[in-house]
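J.: Have a look at this one.
The values are calculated or read from the model by the stated rules, or taken from the named source; none is laboratory data. What you see is a predicted model; the values in this text were computed from it and never measured. Note that each Cβ is placed from the backbone with ideal geometry, even for glycine, and that neighbours are counted across all protein chains shown. Only protein heavy atoms, including side chains, enter the accessible area calculation; ligands, DNA and RNA are left aside. Shrake-Rupley method; radii C 1.70, N 1.55, O 1.52, S 1.80 Å.
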Amino acid sequence: MLGLVMVLSASSVVSLQDSTSHSPYTVFKKQLLFVLIGSVVFWLGLRIPLKKMRQAAAPALTICIGLLMAVLVIGTTHYGARSWFTIGPLSFQPIEVAKLALALWGAHVLVQKKTVLHQYRHLLVPVVPVALLIFALVMMQPDLGGTVTLIIVLFSLLWFAGAP
């Protein structure tokens with residue numbers, strides 16, 4: 001809710017100045033729609049059994065790495081970064097899905113290795129090399145903000161897994 005208030009506060013004047021819309025709520029309504037869609041997806045995600053999530057983690061990460069490679073070749077450039085897929089009026093960044101995929105896959109791997117996490121090689125392999133590959137693909141776009149977010153995801157994984 002706080003984010004929506006901030007969007008409304010920051011975008012109302014720009015929305016009024018836009019010649020196509022004469023409402024201060026244009027950007028706010030669009031953002032509200034995304035919040036509603038996200039809330040429904042979140043609610044549905046809570047109902048997915050953990051076993052199915054863990055089974056889907058590796059294929060999801062593989063698909064995300066493929067999308068991160070593909071965006072470098074066939075993606076569109078916005079604001080100096082080739083990090084978007086644009087299909088008609090819709091566009092999305094594969095980095096957003098990669099954040100979730102890395103978190104799910106990393107958690108799955110670290111839970112499987114829980115008994116040997118006190119050894120650095122088990123703690124760091126394969127999670128850190130795969131994360132570094134994703135970081136490199138995102139930096140090639142270039143997207144520093146996305147890379148920093150992924151680093152936070154990696155550190156959070158290691159922290160919650162009890163890494164020394």
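J.: Could you please find all residues in region 50-69 being surrounded by fewer than 19 Cβ atoms within 10 Å (Cβ to Cβ) and either touching a Phe, Trp or Tyr at 6+ places or on another chain (Cβ under 8 Å) or in contact (Cβ under 8 Å) with a residue 40 or more places away in the chain (or both)?
T.: Met53, Arg54, Ala56, Ala58, Ala60, Ile65, Met69
J.: Only one of (1) of a type in the set (Lys, Arg); (2) within 19 Å of the chain's Cα centre (by Cα); (3) within 20 Å of Ala56 (Cα to Cα) fails for Lys113. Which number is that?
T.: Lys113 satisfies every listed condition except (2).
J.: Now for a separate question. Does Ser23 satisfy the condition of being of a type in the set (Ser, Thr, Tyr) and either in contact with a Leu (Cβ under 6 Å, 6 or more places away or on another chain) or closer than 27 Å to Leu154 by Cα (or both)?
T.: Against the criterion (of a type in the set (Ser, Thr, Tyr) and either in contact with a Leu (Cβ under 6 Å, 6 or more places away or on another chain) or closer than 27 Å to Leu154 by Cα (or both)), Ser23 does not qualify.
J.: Of the conditions (1) part of a helix (DSSP H, G or I); (2) closer than 26 Å to Val130 by Cα, Gln31 fails just one. Which one is it?
T.: Checking Gln31 against (1) part of a helix (DSSP H, G or I); (2) closer than 26 Å to Val130 by Cα, the one that fails is (2).
J.: Does Trp84 fit the bill of being closer than 30 Å to Met1 by Cβ and not in a loop (DSSP other than H, G, I, E, B)?
T.: yes
J.: Do we have Leu36 as open to solvent by less than 50 Å² (accessible area, probe 1.4 Å), at pLDDT 95 or above and part of a helix (DSSP H, G or I) here?
T.: So Leu36 fails the test.
J.: Just the residues that are in contact with a strand residue (DSSP E or B) (Cβ under 8 Å, 6 or more places away or on another chain) and small (Gly, Ala, Ser), please, taken from region 84-111.
T.: Ser91 - this is the single residue of region 84-111 that is in contact with a strand residue (DSSP E or B) (Cβ under 8 Å, 6 or more places away or on another chain) and small (Gly, Ala, Ser).
J.: Every residue in region 1-45 that is of a type in the set (A, V, I, L, M, F, W, C) and either touching a residue at least 24 places away in the same chain (Cβ under 8 Å) or in contact with a strand residue (DSSP E or B) (Cβ under 9 Å, 6 or more places away or on another chain) (or both), please.
T.: Those that are of a type in the set (A, V, I, L, M, F, W, C) and either touching a residue at least 24 places away in the same chain (Cβ under 8 Å) or in contact with a strand residue (DSSP E or B) (Cβ under 9 Å, 6 or more places away or on another chain) (or both): Leu4, Val7, Phe28, Leu32, Val35.
J.: Looking at region 8-25, which of its residues are open to solvent by less than 60 Å² (accessible area, probe 1.4 Å) and in a helix (DSSP H, G or I)?
T.: Answer for region 8-25, where residues must be open to solvent by less than 60 Å² (accessible area, probe 1.4 Å) and in a helix (DSSP H, G or I): Leu8, Ser11, Ser12, Ser15.
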